[in-house]
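In what follows, a structure is listed as structure tokens, so that the remarks can point back to it.
Readers should treat all values here as calculations from the given coordinates under stated rules, not as data from a laboratory. Given the structure is predicted, the values throughout are model-derived calculations rather than measurements. Cβ sites come from the backbone with ideal geometry, for glycine too, and all protein chains shown count toward neighbours.
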Amino acid sequence: MARLRSATTQFQHRPGDKVFNLGVVARLTAQAAKAGVELIAFPEMCVTGYWHCRNLDEAGWRALAEPVPDGPSSLALLRLAQRHRMAVGAGLIEAAPDGRLYNTYVVALPDGAVHRHRKLHAFESPHVSSGDAFTVFDTPFGVRVGVLICWDNNLVENARATALLGADVILAPHQTGGTASRSPHAMGPIDPALWRERHVRPDVLRAEFQGDKGRGWLMRWLPARAHDNGVFILFSNGVGEDDGEVRTGNAMILDPYGRVLAETDALDEALVIADLDLDLLPTATGRRWIRGRRPELYGLLTRRLGHELDPREARFSTAPVLTPDPPA
């Protein structure tokens, strides 16, 4: 039976403190290595910090940004990967050679390779560009890994495209839960006071984390991404107060049937470990369904309907979404 021991994480980063945040990454990676983990996922932009960045001017973003793969944080992740013989993924701000800035996820492999995924639907700031390519790569462990950052996972086309490119495992780094939504049945804000009082009233905060503002919302769609595409998903997330919002953690690992293999309800930093049974992949329902696709019917998916918005406009628009006129 082929297995891959994998881990996903949640932790509260410090805004702009890359030394501290990389220290947490190093500590949890070492802890995972002792448990025999071969693949570990850390959250979106956990190296640089996340939500405080929306308030930074361009100079502030550039002060945190680094080149990939030869920047200091990428090299630090590579050293961890080689030291522990593990694939290590973590998020940061990338300064590209053409001067653009990206919300980027770096995955360092023990064989010396460094891969990156640029968030396809970046909305955090007008100073950040969206990526334009899917990311799927081979690993020394006999599986192909894809990456989708936060909102990338919410669009079903992205998960399907990543699966069609051969991904067996999708790393899904997030900073989510507890965010404001204009939908009455999606996420909602969590009072930061509950986070600060978590040691006094843990049950109250846990109810928020496990309810519709956290896990309840995730379970409406995240298992479907795994099941419908026949892939394992490593969901990593921030936890705790993040510049006025409260991330809900809920780190979990799902199998190709959408079943939760392991998860945490911790109100703090956590490491979640599970063995991925790779023998599930060839007969997973989603993979069998994909073989029944009729691509000649799906041209509509690549045509603009006229109501599209760029990621930032779509994320923050308060206008009602109306059904567009069908294409001619």
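Just need log10 I(q)/I(0) for region 51-149 at q = 0.13, 0.14 Å⁻¹, Debye formula, equal scatterers on the alpha-carbon atoms, no solvent, rounded to two decimals. For region 51-149 at q = 0.13, 0.14 Å⁻¹, log10 I(q)/I(0) is -0.45, -0.52. Residue ranges 139-149, 275-285 sort as 139-149, 275-285 when ordered by packing (mean number of other C-beta atoms within 10 Å per residue, highest first). Need the C-alpha centroid separation for region 78-123 versus region 189-248, integer Å. First find each Cα centre; the distance between them is then 24 Å.
Its DSSP H runs of at least 4 residues, each contributing -39,500 (n - 2.57), put the calculated 222 nm mean residue ellipticity of the chain at -7000 deg cm²/dmol, to the nearest 500.
For Ala87, the amide hydrogen comes within under 5 Å of the amide hydrogens of Leu39, Ile40, counting only partners 5 or more places away or on other chains and with H modelled in the peptide plane.
Taking amide H as placed 1.01 Å from N in the peptide plane, the amide H of Ser236 sits under 5 Å from that of Ala172, His174, each at least 5 places away or on another chain. Considering only C-alpha atoms, what is the centroid distance from region 249-304 to region 4-20, in Å? If you average the Cα positions of each part, the centres end up 22 Å apart.
With R₀ fixed at 22 Å, the C-beta to C-beta distance from Leu322 to Val156 puts the FRET efficiency at about 0.60. Quick check for you: which residues of region 254-288 have the amide N under 17 Å from the point 7 Å beyond the Cα of Ala186 toward its beta carbon? Those under the cut-off are none; the list is empty.
Here, P(r) means the percent of Cα pairs in each 5 Å bin from 0 to the largest distance; for region 1-104 it is 2, 13, 24, 22, 17, 11, 6, 3, 1, 0, 0. Here region 62-172 is assigned +1 on the Cβ of each Lys and Arg and -1 on the Cβ of each Asp and Glu. Its dipole about the Cα centre then comes out at about 220 debye.
A cut-off of 5 Å between modelled amide H atoms, ignoring neighbours fewer than 5 places along the same chain, links Leu276 with Leu4, Arg5, Ser6.
Projecting the Cα atoms of Asn21, Thr248, His115 onto the charge dipole of region 3-302, computed from C-beta unit charges around the Cα centre, puts His115 farthest toward the positive end. For the chain, a simple Cβ point-charge model (Lys and Arg +1, Asp and Glu -1, everything else neutral) yields a dipole of about 580 debye relative to the Cα centre. Between Gln210, Gln31, Gln175, the Gaussian network model of the chain with springs among Cα atoms under 10 angstrom shows the greatest mean-square fluctuation at Gln31.
For region 265-324, the calculated P(r) over all alpha carbon pairs, in 5 Å bins from 0 to the bin holding the longest distance, is 3, 10, 11, 10, 9, 11, 17, 16, 12, 1 percent. Can you give the direction-averaged projected area of the convex hull of the alpha-carbon atoms in the chain, in nm²? If I average the Cα hull's projected area over directions, I get 17.1 nm².
Here the residues Tyr102, Tyr50, Tyr298, ranked from fewest to most Cβ neighbours within 10 Å of their Cβ, fall in the order Tyr298, Tyr102, Tyr50.
As a proxy for reagent exposure, ranking Cys150, Cys46 by other Cβ atoms within 10 Å from fewest up yields Cys150, Cys46. Calculated on the alpha-carbon coordinates, the convex hull of region 201-328 measures out at 148 cubic angstrom per residue.
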